[in-house]
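This report refers to the structure that appears directly beneath it.
Readers should treat all values here as calculations from the given coordinates under stated rules, not as data from a laboratory. Since we're looking at a predicted model, the values are computed, not measured. When we count neighbours, we look across all protein chains shown, and the Cβ atoms used for this are built from the backbone with ideal geometry, even at glycine.
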Amino acid sequence: MAIDWSVVTSEHVREAARQLDAGEAVCRSPARNTFVKLRGRSYPAKCIRGLAYEVATGRRLNPNTDFAGGEETARFLANLGLMSIMSLALHHDKDLDKSRRGSLIPRPGTKSGLEMPQALA
């Protein structure tokens with residue numbers, strides 16, 4: 001069955017975020033570099049996108065094979081009028097403190113030149 005993303009609305013995305021907040025849904029893997037900003041919080045964009053599709057259609061997608069994250073997901077969310085934030089894959093940057101990789105904060109004193117987006121602060 002083909003995936004029809006046109007059925008997903010910003011309301012489905014907001015419901016997906018609500019489900020994550022309420023513990024009714026969980027992300028299968030941590031976000032690597034793309035987040036969506038909703039109600040003052042940042043959520044893993046690919047997880048939210050897949051969950052929003054499930055909310056809209058009742059069909060669960062496999063995020064490893066059915067759709068891509070990153071720029072594709074950022075464009076999808078932007079088309080719904082939602083703000084997404086993409087890092088520069090900081091989780092792989094050797095200048096990151098290993099204990100803080102998920103927070104996207106460069107280790108002090110490094111020359112990575114990359115900063116955490118203010119929206120994630």
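Things worth noting here:
- One decimal place: the segment Thr65-Ser10 gains 17.5 nm when fully extended, by the rule 0.36 nm per residue minus the C-alpha distance.
- For the peptides 60-73, 36-49, 9-22, residues were scored by their other Cβ atoms within 10 Å and the scores averaged per peptide; the highest-first order is 36-49, 9-22, 60-73.
- Global form of region 7-89, assessed from the alpha-carbon gyration tensor, a/c cut-off 1.5: rounded
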